[in-house]
Each structure stands twice: as structure tokens, then as C-alpha cells.
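First comes the structure, then the notes that go with it.
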Amino acid sequence: MAVSPSPASSTIAPAHLLVVDDDIEIVQILSRYFGSHGFRVSTAGDGVHMRHVIDSEAVDIVMLDIGLPGEDGFSLTRNLRKHWHGPVIIVSGRGESVDRVVGLELGADDYVTKPFDLRELLARVRSVLRRASPAPSDDTGRWSFDGCVLDPQSYTLCGPQDEPIRLTSGEFALLRVFVEHANQVLTRDQLMTHIHGHDAGPFDRSIDVQIGRLRRKIEPDPANPQRIKSIRGTGYLFSSTVRRI
């Protein structure tokens, strides 16, 4: 699979959604619904066809099922994270918490279970696309912490040696919330509201999963985190000194 650049929103071209599912009825429903809301929709029934579309066209977001013929959705998510930089939403009938955690650990930006509400799914897709392609802003400031530089305009994070640290759209959004609220304790609900626009459900641990992934990328010792600290019974604290530059 060819490496593609991070997708960018356009005020002219509609967002291109690739639906990867072997259930023809679901594919037709999603194609009609998202098409009626201004999306360009392509479809694929398996990983082979998914790669063909991504290699031949600019895709803004991939929505895929887990139970696919041949290579399953978990394997495809892992592969996308290695070779493609756009956002991924898993939409699956497997609603067990372990499946959700695995999907998020592999790099999915969101995980939605079937049966789904189309309006909620549309809202989640739009939310993920906003995170992946933030709107232009007059604020060109960057944040610096512990030698790292977070740039919301170029959507990049560089380490102390100016090395690029690749983040998913969800990880980038989470880190941005932390640097904007450095040295403040944030609950899971507050983090979910900042990132997704809604509170966490009673069994929603997606924030914990994303924080685990983010720690592995920005902590010198992820097993003993010093930047993103857990506050028992409350939430999380970003303890680094943050400067605007």
C-alpha cells in the first residue's frame, strides 16, 4: 500500500468516505445516507479492494467492519496505521469491551457498535474529520513542553531532537487538550467533552486507551509516566511546563 499524506478538508470537494464491509445491505444504507449528507462514498468488501481504493484515490476517512472475509478489520486497522495517515472508525457488531479496547489500541479513532443510529454515526464521522483537519485559525502559536513542539497549524509534534512523532487524529486532539489545560486535573468526562463533544458512558474507557497510546509516544518511560499522570479517582493531569512559542 502506498503511503498517503494526511487528509485535508476542502471547502470545494466533498469528504471522501470509504466504507469497508461485506454486508451489502449495510453498505447500501451507509452509501445512501452519507451520500445524502454531502459525502462522496466509495465501498470495498475486503482488504484487497480497500487497498486498491486508497492507493488509487484520495480518501479522507475509512469506516470498516471487523468481521471481513480474509484479513479482518483489526489487521486492516494495524496496517492502515503503518501505511496511511487518515482517520479510521471501526463499525462492528462485536460490542464487547475487549474488542473496543483492541480496536482503539491498534489506532482506530473511534469504535461504533451495530446496530447504530445513523445520526450519531454521522456526528462521529464529522467529529473525527474535524480533528483530522482542523479549521484554519488566526492563531498561529505553537506549544512547547520538555523540548517537544506541538504545532496545531501543521498538525505535527516534534521531539527534543526535532524528530517527528506521528500521532493519530485522536492522540493529537487529546494532547492538544492537555497542553491547553496543563497542570489542571481533567476528568474522563471533561476529556471526552473536549474531544468528542459528549460525556463518557459508564463503560467507556476509550480515553484510558488513547492515553496509554499517547504515553508510549511522548513519555521517556511509559510504565512510569511523568507527563500524563493518573490522579486516582479523578482523572489525569498533564504536569509538564507548557509555553506558547
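The values are calculated or read from the model by the stated rules, or taken from the named source; none is laboratory data. From a predicted model like this one, the values you see are computed outputs, not experimental measurements. Glycine also receives a Cβ, built like all others from the backbone with ideal geometry; neighbour counts cover every protein chain displayed.
Of all residues assigned to region 207-216, at least one qualifies as being within 16 Å of Arg131 (Cα to Cα), in contact with a Gly (Cβ under 7 Å, 6 or more places away or on another chain) and either at pLDDT below 95 or assigned to a loop (DSSP other than H, G, I, E, B) (or both). Kindly establish whether Asp139 is over 16 Å from Asp109 (Cα atoms), modelled with pLDDT under 85 and loosely packed, with under 12 Cβ neighbours inside 10 Å. Here the answer is yes, as Asp139 does meet what is asked. Quick check on region 17-25. Is at least one of its residues within 24 Å of Tyr155 (Cβ to Cβ), at pLDDT 90 or above and touching a His at 6+ places or on another chain (Cβ under 6 Å)? No, there is no match, as no residue in region 17-25 is within 24 Å of Tyr155 (Cβ to Cβ), at pLDDT 90 or above and touching a His at 6+ places or on another chain (Cβ under 6 Å). Restricted to region 143-170, and to residues there that are part of a loop (DSSP other than H, G, I, E, B) and at pLDDT 90 or above, the residue that is nearest to Ile211 (Cα to Cα) is Ile165. The single condition among (1) modelled with pLDDT under 95; (2) assigned to a helix (DSSP H, G or I) that Phe116 does not meet is (2).
Okay, residues lined up against (1) assigned to a loop (DSSP other than H, G, I, E, B); (2) assigned by TED's automatic domain parsing to the domain that holds Gly107; (3) within 20 Å of Val128 (Cβ to Cβ):
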| residue | (1), (2), (3) |
| --- | --- |
| Asp22 | yes, yes, no |
| Tyr33 | no, yes, yes |
| Gly38 | yes, yes, yes |
| Val41 | no, yes, yes |
| His52 | no, yes, no |
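Taken as a whole, the structure places Ile29 among residues that are assigned by TED's automatic domain parsing to the domain that holds Val88, within 26 Å of Arg119 (Cβ to Cβ) and surrounded by fewer than 19 Cβ atoms within 10 Å (Cβ to Cβ). Scanning region 57-71 turns up no residue that is assigned to a helix (DSSP H, G or I) and over 19 Å from the mean Cα position of the chain (by Cα). The residue list Leu106, Leu64, Leu118 contains one member that is surrounded by 22 or more Cβ atoms within 10 Å (Cβ to Cβ) and of a type in the set (A, V, I, L, M), which is Leu64.
Looking at Ala173, Ala182, just one residue is in contact (Cβ under 8 Å) with a residue 40 or more places away in the chain and part of a helix (DSSP H, G or I), and that residue is Ala173.
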